Amino acid sequence: FVHHRDRLLEAELPVAINTPQQEFDARLVRTHEHSWALLWSRGNDQRGAERFLSCTRDLLRWETPRRLRFAPDPERNPAPEELEGPADVCRTSDRYLMLDQRGFARHSDDLRSWEAPHRIFDEDAWLSSLARTEDGWSWAVCITDSETLEPYTSGDLWTGYFVIDGRRYKHTCKLRVAASRDGRRWEERGKV
């Protein structure tokens, strides 16, 4: 909150130099060293965007941006993997945890180099989110397609539909929740 007696401070954020590409998906993370890290994407679309990192101690002066490095996923792709959209990042007790929108997690010691991804949920998500609570738990929530086939009616205009054997069914989804202490071993905590 800004009160009327507070003086206005202007921060020089890390900027793109000599690039026509857009910058988006910014995430601010508190580090283990009690400083701040800003992670963001640069590119013409979400899928092929490059990822960058810049750190600061006071939120006013920022270090030169550095490119993030991702280890390849040996099961799916031998080349370094691109992230398919925004990713949430949080601090764990001794490392950092990243969850991409498909429900795959990665770990890092320094926020710059990220290990190969591992799946948290047993099915692909089309949107995931990550949070860390004060009691030390990391919580992952993902949205996946529901297995339930519900007939689509004219009153279901806002849900969308798909067709199987000439019949329309509502596009429904489910939320899945998992929790972890260390970001590696996850316990499923429910479905909605």
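The values are calculated or read from the model by the stated rules, or taken from the named source; none is laboratory data. Fair warning: this is a prediction, and the values are worked out from it, not measured in the lab. Ideal geometry is used to build each Cβ from the backbone, glycine not excepted, and the neighbour counts take in all protein chains shown. Just the protein is used for accessible areas: all its heavy atoms, side chains included, with ligands, DNA and RNA removed. Shrake-Rupley method; radii C 1.70, N 1.55, O 1.52, S 1.80 Å.
Within segment 93-131, how many residues turn out to be crowded, with 17+ Cβ neighbours inside 10 Å and among the basic types (Lys, Arg)?
Summing the residues that are crowded, with 17+ Cβ neighbours inside 10 Å and among the basic types (Lys, Arg) in segment 93-131 gives 3.
Quickly run through segment 63-89 and pick out the residues that are farther than 15 Å from Ser41 by Cα and either modelled with pLDDT of 90 or more or of a type in the set (D, E, K, R) (or both).
Across segment 63-89, the qualifying residues are Glu63, Asp73, Glu75, Arg76.
What's the number of the condition Trp186 fails, among (1) over 22 Å from Arg47 (Cβ atoms); (2) in contact with a strand residue (DSSP E or B) (Cβ under 8 Å, 6 or more places away or on another chain); (3) open to solvent by less than 40 Å² (accessible area, probe 1.4 Å)?
Of (1) over 22 Å from Arg47 (Cβ atoms); (2) in contact with a strand residue (DSSP E or B) (Cβ under 8 Å, 6 or more places away or on another chain); (3) open to solvent by less than 40 Å² (accessible area, probe 1.4 Å), only one is false for Trp186: (3).
Please determine whether any residue of segment 148-163 is touching a residue at least 24 places away in the same chain (Cβ under 8 Å) and either of a type in the set (Phe, Trp, Tyr) or loosely packed, with under 14 Cβ neighbours inside 10 Å (or both).
Yes: segment 148-163 contains one or more residues that are touching a residue at least 24 places away in the same chain (Cβ under 8 Å) and either of a type in the set (Phe, Trp, Tyr) or loosely packed, with under 14 Cβ neighbours inside 10 Å (or both).
Where in segment 75-192 are the strands (runs of 3 or more DSSP E), entirely inside, with at least 2 residues that are of a type in the set (Phe, Trp, Tyr)?
Correct list: 161-164.
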